[in-house]
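The values are calculated or read from the model by the stated rules, or taken from the named source; none is laboratory data. Just so you know, these numbers come straight off a predicted model, no measurement behind them. Please note: Cβ atoms are built from the backbone with ideal geometry, for glycine as well, and neighbour counts cover all protein chains shown. Side chains are part of the model used for accessible areas, which takes the heavy atoms of the whole protein and leaves out ligands, DNA and RNA. Shrake-Rupley method; radii C 1.70, N 1.55, O 1.52, S 1.80 Å.
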Amino acid sequence: MSTKEKSLNFIEQIIEEDLTQGLSKDKLRFRFPPEPNGYLHIGHASSICLNFGLGLTYDSPVNLRFDDTNPAKEEQEFVDAIKHDVEWLGFKWDKELYASDYFQELYDWAVELIKKGKAYVDNLSAEEIAKQKGTPTQAGINSPNRDRSVEDNLTLFEQMKNGEFAEGEYILRAKIDMASPNMLMRDPIMYRIINANHHRTGDKWHIYPMYDWAHGESDYLEGITHSLCTLEFLPHRELYDWFLDQIFEEGKVRPKQREFARRNLSHTVVSKRKLLQLVNEGHVNGWDDPRMSTISGMRRRGYTPNAIRNFADTIGIAKRTNLIDVSLLEFCVREDLNKITDRVMAVLDPVKLVITNYPEGQEEWLDAENNPEVEEVTFRKVPFSRELYIEREDFLEEANSKFFRLTLGKEVRLKNAYIIKGESVVKDADGNITEIHVTYDPDSKSGSGTEASKRKVKGTIHWVSVPHAIEAEVRIYDRLFSHENPDGNKEVDFKEYINPDSLKVITGFVEPSLKSAKEGDKFQFQRLGYFCVDRDTTDEKPVFNKTVGLRDTWAKLESKE
């Protein structure tokens, strides 16, 4: 579909306007520029889908560029994880690039700015710089080093590069306007000293460019036409353009920075710093914990790439920050899993059911439909025997007329099997039910074509044959935070809202067809929800993560369906 045939978001409108004003379509180039200092989260997924989506819309290349300008926080592990996430989401980049690819060009340009009197070396502390910058309503004052000679600046800057100073001893600042209403234009820092090993350049460099200096110039070197950032970078646009003014050559593509709003997700945090806190302080079990808002966590939980892409497309691109209810994401996941997962039977809170008139020692293998949503429906065999597990909540000893599951004296159908009738219960010394005794109608087998099989009963429940059941660890996940906006109250530590019941580990029983299930395989446990095989699974003990329930909790969608 061309952009003319659908409603354009405001970013696409900007691109279309640029094309009408002379920008050649074959010059269009986009980029996704993560810093490799952590794992990507759902917020990054929206940016990935935006940039790579524009690449697909306009048949234009998209670079994956790592903003690796702070070796103290960046690691190869994060680079590899980011590449995996982008590929898993279904996107391919044109070139894999790094800000460190341009360290020499950035340094050479900085030297030229010094020679032109547009940059200087300063030795003020961070506290002193904050004071001399002034306030939004009061102009700053010049650093005493602002008029240092070009020769001295060049010497000091080279010494900084050569590692002759300690961290924090000197910085390089752009000389712009200490009275600018935009605080970022008041002689911003271009370089700082970091004496740390870089994951790509090793110990070659002792100075590293700041984001504002590296980002726009990297866009320029790559021929990026539209540099799309989140809204907090709007004040940076003036500085982005000022830096480009210093190095731009006629005839080259000039990047254009434009901003879109973050779409925050309820009951989550998406700050890398806060996600790192959760990991380091043991509140979660690593970056890929299924409760995390990271892409790797969502992948492990059983979310699909298609669901995340659909979510990003549904929430769209806006100019105003908004809090999106996590139930919309769950809706997208549920909708996709409904189409692609096989239906299987599992019992997570088991109580034994004994069919007293079923022959002892007999077993049957019944036909069970895998996925009714696919065009060509297939079937599997499930074992049936005298003793079954059913969900404890599917039985009440005494029930009112609105309870359509199993109770004494009433009938229900066992999924894919027979109609049964509750007869009696066995209890332990504390009065807890340990067994439910029922009888079955042998002529009521599903699909047998008999009159009894066509008999209507109000309830159908699932089950697992006791002698064939596979014991499994099942991890039931809830939202990590009990508050819809754990970041919303700046006076309260976000960790105060951690939900103590966000993970429950239980033992359940699954049908034997799941014995061969592998890591990442996804299923619908009938009547219970969607589950996937966790990486902790072994041949001796399968482990399943609950991905999402069956019920649609996003109320706003109900009126549209």
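Key figures
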item	result
Filtered residues of the stretch 531-561 (kept if among the aromatic types (Phe, Trp, Tyr) and either touching a strand residue (DSSP E or B) at 6+ places or on another chain (Cβ under 7 Å) or at pLDDT 95 or above (or both))	Phe531, Phe544
Asp219 among the acidic types (Asp, Glu), in contact with a helix residue (DSSP H, G or I) (Cβ under 9 Å, 6 or more places away or on another chain) and open to solvent by less than 10 Å² (accessible area, probe 1.4 Å)	yes
Flag for Ser446 being closer than 20 Å to Gln526 by Cβ, in contact with a helix residue (DSSP H, G or I) (Cβ under 7 Å, 6 or more places away or on another chain), crowded, with 16+ Cβ neighbours inside 10 Å and at pLDDT below 95	yes
Sole residue being touching a strand residue (DSSP E or B) at 6+ places or on another chain (Cβ under 6 Å) and open to solvent by 50 Å² or more (accessible area, probe 1.4 Å), chosen from Glu375, Glu335, Glu363, Glu330	Glu363
Lone unmet requirement of (1) under 28 Å from Phe78 (Cβ atoms); (2) open to solvent by 30 Å² or more (accessible area, probe 1.4 Å); (3) within 15 Å of the chain's Cα centre (by Cα) for Gly286	(2)
Every residue from the stretch 118-155 that is within 14 Å of Lys175 (Cα to Cα) and open to solvent by 40 Å² or more (accessible area, probe 1.4 Å)	Lys118, Lys133, Ile141, Asn142, Pro144, Asp147, Arg148, Ser149, Val150
Number of positions in the stretch 516-525 that are in a loop (DSSP other than H, G, I, E, B) and over 21 Å from the mean Cα position of the chain (by Cα)	2
Residue match in the stretch 48-70 (condition: more than 23 Å from Glu232 (Cα to Cα) and in contact with a His (Cβ under 9 Å, 6 or more places away or on another chain))	no
In the stretch 471-515, the residues that are within 29 Å of Asp367 (Cα to Cα), open to solvent by less than 30 Å² (accessible area, probe 1.4 Å) and not in a loop (DSSP other than H, G, I, E, B)	Ala472, Val474, Gly508, Val510, Leu514
Meets criteria (outside any helix (DSSP H, G or I), at negative phi, at pLDDT 95 or above and among the acidic types (Asp, Glu)) for Asp289	yes
Test: Ile390 is of a type in the set (Val, Ile, Thr), buried (at least 21 other Cβ atoms within 10 Å of the Cβ) and touching a Leu at 6+ places or on another chain (Cβ under 7 Å)	yes
Residue under evaluation Glu158, criteria (1) within 16 Å of Ile193 (Cβ to Cβ); (2) open to solvent by 70 Å² or more (accessible area, probe 1.4 Å); (3) in contact (Cβ under 8 Å) with a residue 24 or more places away in the chain, criterion not met	(3)
Residue within the stretch 31-52 that is more than 19 Å from Tyr211 (Cβ to Cβ) and among the acidic types (Asp, Glu) present	no
Candidates Arg309, Arg320, Arg273, Arg299 - the one that is open to solvent by 30 Å² or more (accessible area, probe 1.4 Å), at pLDDT below 95 and either assigned to a helix (DSSP H, G or I) or among the aromatic types (Phe, Trp, Tyr) (or both)	Arg273
Tally, over the stretch 442-470, of residues that are part of a loop (DSSP other than H, G, I, E, B) and touching a residue at least 24 places away in the same chain (Cβ under 8 Å)	12
Matching option when the condition is under 24 Å from Glu17 (Cβ atoms) and part of a helix (DSSP H, G or I), among Glu238, Glu259	Glu238
Search result, residues across the stretch 94-117 that are surrounded by 20 or more Cβ atoms within 10 Å (Cβ to Cβ) and either within 20 Å of Pro305 (Cα to Cα) or of a type in the set (A, V, I, L, M) (or both)	Ala99, Leu106, Ala110, Leu113, Ile114
Hits in the stretch 241-250 (condition: in a helix (DSSP H, G or I), more than 16 Å from Glu105 (Cβ to Cβ) and not hydrophobic (A, V, I, L, M, F, W, C))	Asp241, Asp245
Close pairs from the stretch 103-120: first at positive phi and among the small types (Gly, Ala, Ser), partner assigned to a helix (DSSP H, G or I) and open to solvent by 10 Å² or more (accessible area, probe 1.4 Å), Cβ under 7 Å, at least 6 apart	Gly117/Val150
Residues of the stretch 274-305 satisfying the condition of being without any contact (Cβ under 8 Å) to a residue 60 or more places away in the chain and more than 18 Å from Ile476 (Cβ to Cβ)	Val279, Asn280, Gly282, Gly286
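Rundown of residues vs (1) loosely packed, with under 15 Cβ neighbours inside 10 Å; (2) farther than 26 Å from Leu528 by Cα; (3) β-branched (Val, Ile, Thr), yes/no style:
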{"residue": "Tyr418", "(1), (2), (3)": "no, no, no"}
{"residue": "Asp428", "(1), (2), (3)": "yes, yes, no"}
{"residue": "Asn432", "(1), (2), (3)": "yes, no, no"}
{"residue": "Val438", "(1), (2), (3)": "no, no, yes"}
{"residue": "Thr450", "(1), (2), (3)": "yes, yes, yes"}
{"residue": "Lys456", "(1), (2), (3)": "yes, no, no"}
{"residue": "Ser465", "(1), (2), (3)": "no, no, no"}
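Conditions (1) among the polar types (S, T, N, Q); (2) under 30 Å from Gly297 (Cα atoms), marked per residue:
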{"site": "Glu250", "(1), (2)": "no, no"}
{"site": "Val253", "(1), (2)": "no, no"}
{"site": "Ala261", "(1), (2)": "no, yes"}
{"site": "Leu265", "(1), (2)": "no, yes"}
{"site": "Thr268", "(1), (2)": "yes, yes"}
{"site": "Gln277", "(1), (2)": "yes, yes"}
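Yes or no, residue by residue, for (1) within 26 Å of Ala307 (Cβ to Cβ); (2) of a type outside the set (Gly, Ala, Ser); (3) without any contact (Cβ under 8 Å) to a residue 12 or more places away in the chain; (4) open to solvent by 20 Å² or more (accessible area, probe 1.4 Å):
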{"residue": "His41", "(1), (2), (3), (4)": "yes, yes, no, no"}
{"residue": "His44", "(1), (2), (3), (4)": "yes, yes, no, yes"}
{"residue": "Gly55", "(1), (2), (3), (4)": "yes, no, no, no"}
{"residue": "Asn70", "(1), (2), (3), (4)": "no, yes, no, yes"}
{"residue": "Ala81", "(1), (2), (3), (4)": "yes, no, no, no"}
